[in-house]
There are 2 protein chains.
Amino acid sequence: MKREKNKELFRKFVSRQGLKSTRQRENILDVFVSTKQHMSVEELYEKLRAAHPGIGYATVCRTLKLFAQSGIAHEIHFGDGRTRYEPAAQGEHHDHLVCTGCGTIAEFENSTIEELQTAVADGHDFLIHSHKLELYGLCARCRK
Amino acid sequence: MKREKNKELFRKFVSRQGLKSTRQRENILDVFVSTKQHMSVEELYEKLRAAHPGIGYATVCRTLKLFAQSGIAHEIHFGDGRTRYEPAAQGEHHDHLVCTGCGTIAEFENSTIEELQTAVADGHDFLIHSHKLELYGLCARCRK
DNA sequence: TTTATAATGATAATCAATATCAATAAGGAG
DNA sequence: CTCCTTATTGATATTGATTATCATTATAAA
């Protein structure tokens with residue numbers, strides 16, 4: 001199961017880096033892996049406080065950064081000034097359809113686009129590490 | 001010429017919106033249209049101060065936002081917390097290759113990718129308004 | 001000119017994220 | 001199990017970029 005795999009990966013990361021396993025990190029990990037996509041730090045913080053009162057905002061920020069470093073999370077910026085995180089699915093990648101009407105975010109994957117990206121990068125002698133593709137517009141509901 | 005066209009477009013926008021033509025706006029317009037791509041607000045401010053001392057930072061911010069509203073500029077966010085602007089070329093669109101080694105930004109266009117994006121959006125009954133595609137990695141020089 | 005209104009620039013306010021730091025917790029050594 | 005070094009936490013201050021405020025100045029139409 002993906003969730004458990006990410007939890008395992010993070011625990012290995014912590015031990016490999018000589019970091020310590022703490023109650024807070026486990027709590028944040030639990031909530032994070034079972035969360036819906038694209039949560040902002042603020043949203044995750046609120047959700048965490050509900051389940052684990054007393055946790056600090058700074059700790060949430062720090063831990064999410066660790067998640068990104070460990071590879072189990074991706075940091076996302078949609079240009080609204082908030083940092084968002086989403087659980088990473090190893091070996092997969094998806095891009096986003098962002099509705100400017102209601103804020104809904106849908107996901108998609110398209111391997112042909114990915115291949116073309118690689119081709120473009122090759123043409124520039126550029127080595128792709130990661131990419132970001134976002135389509136902004138109106139979702140089906142907001143078009144009506 | 002593209003630069004003059006953008007200047008004309010902005011002047012029309014100002015008059016159409018009942019805004020006023022000011023020395024500062026003309027100065028910022030001059031510097032902006034003749035600038036290299038992807039300048040941050042800070043960089044544009046510094047460049048402007050060199051040519052037109054006394055101009056305020058807030059005015060630069062406000063005017064760049066107006067440029068974006070008028071359609072002659074695009075606002076760009078690369079995730080480093082700085083807002084950048086680039087002159088818009090009407091009817092064209094390009095995407096970015098961002099080197100995480102030296103920070104260099106190259107541009108590319110690929111109409112096939114654009115078509116596939118439209119196809120993906122159609123499949124979701126989504127109407128694209130704009131999009132952002134950025135490839136992060138190492139440029140030719142940094143790969144060596 | 002006069003006059004209503006918009007724009008400017010200095011500065012304060014905002015907002016998310018990060019740094020600081022004293023108190024606490026983890027976990028290996030003995 | 002206890003000690004001890006070091007990492008972590010959480011409260012708060014700070015940062016850094018952008019935006020709001022507001023008195024003063026400038027624009028452009030009557």
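Which of A:60, B:74, B:94 sits farthest toward the positive end of the charge dipole of the protein assembly as shown, with +1 on the Cβ of Lys and Arg and -1 on the Cβ of Asp and Glu? In the protein assembly as shown, that residue is A:60.
Put a dot 7 Å past the Cα of residue A:125, heading toward its Cβ, do the same for residue A:111, and the two dots end up 3.1 nm apart. As a calculated quantity, the FRET efficiency between residue A:57 and residue B:75 at R0 = 35 Å, using C-beta atoms, amounts to about 0.80.
For region A:34-110, applying the loop criterion from DSSP together with a ceiling of 14 other beta carbons within 10 Å to the trypsin sites (Lys or Arg not before Pro) yields A:36, A:82.
Per-residue mean of other chain beta-carbon atoms within 10 angstrom of the beta-carbon, peptide A:135-142?
Details: counts 13, 6, 8, 6, 5, 4, 1, 2.
If you average over the peptide's residues, the count of other-chain Cβ atoms is 6.
When chain A is treated as a GNM, springs tying every alpha-carbon pair under 10 Å, which of A:121, A:106, A:88 comes out with the largest mean-square fluctuation? Highest fluctuation among the options: A:121. By the Cβ-Cβ criterion of under 4.7 Å, the unpaired cysteines of the protein assembly as shown are A:61, A:102, A:142, B:61, B:102, B:142. Rg and Dmax over the alpha-carbon atoms of region B:95-143 stand at 13.9, 42 Å.
Along its first, second and third principal axes, ordered by size, the protein assembly as shown spans 60, 52, 42 Å in Cα coordinates. Considering only B:71, B:79, B:103, the mean-square fluctuation computed in a Gaussian network model of chain B, springs between alpha carbons under 10 angstrom, is largest for B:79.
For residue B:74, the residues whose modelled amide H falls within less than 5 Å of its own, excluding neighbours fewer than 5 places apart on the same chain, are B:86, B:88. Shielding value for A:116-128 is 6, the average number of Cβ atoms from other chains within 10 Å of each residue's Cβ. In the protein assembly as shown, the DSSP-assigned H stretches of four residues or longer account for a calculated mean residue ellipticity at 222 nm of -14500 deg cm²/dmol, using -39500 (n - 2.57) per stretch and the full residue count as denominator. The trypsin sites (Lys or Arg not before Pro) found in region B:1-33 that occupy coil by DSSP, while having at most 12 further C-beta atoms within 10 Å, are B:20. With θ taken as phi - 60° and the Karplus curve 6.51 cos²θ - 1.76 cosθ + 1.60 applied, the whole-hertz 3J(HN,Hα) list for region B:49-64 is 4, 4, 8, 9, x, x, 6, x, 4, 4, 5, 4, 4, 4, 5, 5 Hz, x standing for glycine and proline. Taking only the Cα atoms of region B:21-69, the radius of gyration and Dmax are 9.6, 26 Å.
For peptide A:103-112, compute the average count of partner chain beta-carbon atoms within 10 Å of each residue's beta-carbon. Please report the intermediate quantities before stating the final value.
Numbers: counts 0, 1, 0, 3, 1, 6, 1, 6, 0, 5.
The per-residue average across the peptide is 2.
A simple rule links phi to the HN-Hα coupling: the Karplus curve 6.51 cos²θ - 1.76 cosθ + 1.60 with θ = phi - 60°, which for region A:119-129 gives 4, 4, 4, 4, x, 9, 6, 10, 9, 6, 9 Hz, with x for Gly and Pro. Can you bin region A:2-144 into rounded, prolate or oblate? Criterion: square roots of the alpha carbon gyration tensor eigenvalues sorted a ≥ b ≥ c, rounded for a/c under 1.5, prolate for a/b above b/c, oblate for the rest. Cα axes put region A:2-144 in the oblate bin.
Run through region A:99-144 and list the GluC sites (Glu not before Pro) located in a DSSP loop whose Cβ has at most 16 other Cβ atoms within 10 Å.
Details: sites: A:107, A:109, A:114, A:115, A:134; in loops: A:109.
Answer in residue order: A:109.
Readers should treat all values here as calculations from the given coordinates under stated rules, not as data from a laboratory. Every value quoted in this text rests on a predicted model; they were computed, and no experiment measured them. Here the Cβ is made from the backbone with ideal geometry for all residues, glycine too, and neighbour counts use every protein chain on show.
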